[in-house]
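Participant: Structure provided below as structure tokens; questions to follow.
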Amino acid sequence: DAMVIQNPRYQVTQFGKPVTLSCSQTLNHNVMYWYQQKSSQAPKLLFHYYDKDFNNEADTPDNFQSRRPNTSFCFLDIRSPGLGDAAMYLCATSRALSSYEQYFGPGTRLTVT
Amino acid sequence: EDQVTQSPEALRLQEGESSSLNCSYTVSGLRGLFWYRQDPGKGPEFLFTLYSAGEEKEKERLKATLTKKESFLHITAPKPEDSATYLCAAGRGGSNYKLTFGKGTLLTVNP
């Protein structure tokens, strides 16, 4: 089945220790998104890639970076995690920017100690 | 600024007790209104897209409707397995592709 896969499902990191979260997709979609979702909150868009074009949301902290080495994979790097960065991180894909049906992965729950 | 507000925040139903969830939006040039289901600790699962006022979509016990200012998700004779958080998201038209999500309604269906 075509799908969006995120690894790991659970990640524990220490305050200030860099961490990388991974997303892969078999849908062959052009757009990949990263969202942050805190408990009982709406998913908050951090950035997206349309093919190789990177687009950062204006309020995304500089601490968050992303890489997309090929169509299938996208990574979220948190350079110096703070306690406030503990959240669920969701990866999503869509066929095109004009195609708003986004398909989500299962998420990575990040804990910062 | 685009806004999506969902109500109620939480809803408890008995099995078989039908009800509706509300999603009101203020989005300039709505491109589409989307409903997702999210189970605890998982990513949102796509349910419906509605593009224009008056449109309706159905799937099993769920029916989504759209007006110019709000959308409803009607749940008919719910079962315990319908328990989840239901998220609504609005996408604006033009070059701004972004989806604006509501905080969701946590639905609990008791047997």
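What follows draws every value from the coordinates through simple rules; no lab data is involved. Given the structure is predicted, the values throughout are model-derived calculations rather than measurements. In this analysis, Cβ positions are derived from the backbone assuming ideal geometry, glycine residues included, and neighbour counts consider all displayed protein chains.
Participant: Suppose we keep just the alpha-carbon trace of chain B; what are its Rg and Dmax in angstrom?
Facilitator: Reported Rg and Dmax, both Å: 13.5, 46.
Participant: Test of understanding: ordering A:THR93, A:THR13, A:THR26 by Cβ neighbours within 10 Å, fewest first, what list do you get?
Facilitator: On the way: A:THR93 28, A:THR13 17, A:THR26 12.
Lowest to highest Cβ neighbour count: A:THR26, A:THR13, A:THR93.
Participant: Same structure again: Restricted to Cα positions, what overall size does the protein assembly as shown have along the principal axes? Three whole-Å values, descending.
Facilitator: 49, 40, 36
Participant: Next question. Averaged over peptide B:97-103, how many Cβ atoms belonging to another chain are found within 10 Å of each residue's Cβ? The partial results should precede the final answer.
Facilitator: Working: counts 11, 7, 10, 3, 7, 2, 4.
Per-residue shielding by partner chains comes out at 6.
Participant: Give me A:HIS29, B:HIS74, A:HIS48 ranked fewest to most by other Cβ atoms within 10 Å of their Cβ, as a rough exposure proxy. Working shown, then result.
Facilitator: Values: A:HIS29 21, B:HIS74 15, A:HIS48 25.
Fewest-to-most Cβ neighbours within 10 Å comes out as B:HIS74, A:HIS29, A:HIS48.
Participant: Count charges around B:LYS103 for me, please; just the other residues with Cβ under 13 Å from its Cβ, Lys/Arg as +1, Asp/Glu as -1.
Facilitator: On the way: positive: A:LYS38, A:LYS44; negative: B:GLU9.
Its environment carries a net charge of +1.
Participant: List A:ASP53, A:ASP62, A:ASP85 from most exposed to least, where exposure is judged by having the fewest other Cβ atoms within 10 Å. Intermediate values should be presented prior to the final figure.
Facilitator: Values: A:ASP53 11, A:ASP62 8, A:ASP85 20.
Arranged by neighbour count, lowest to highest, A:ASP53, A:ASP62, A:ASP85 become A:ASP62, A:ASP53, A:ASP85.
Participant: Please compute the Kirkwood hydrodynamic radius of the stretch A:1-79 from all pairs of different C-alpha atoms, in Å with one decimal.
Facilitator: Details: mean 1/r = 0.0744 Å⁻¹.
The answer is 13.4 Å.
Participant: Right, something else. Averaged across B:34-43, how many Cβ atoms of other chains sit within 10 Å of each residue's Cβ atom? If you can, show how the numbers build up before the last one.
Facilitator: Working: counts 3, 0, 3, 0, 6, 1, 0, 6, 7, 16.
Partner Cβ neighbours, averaged per residue: 4.
Participant: Could you please state, rounded to a whole Å, how far the C-alpha centre of the stretch A:1-52 is from the C-alpha centre of the stretch B:55-111?
Facilitator: With the stretch A:1-52 and the stretch B:55-111 each reduced to a Cα centre, they are spaced 23 Å.
Participant: Per residue of A:101-113, how many C-beta atoms from partner chains lie within 10 Å of its own C-beta, taken as a mean?
Facilitator: That average works out to 3.
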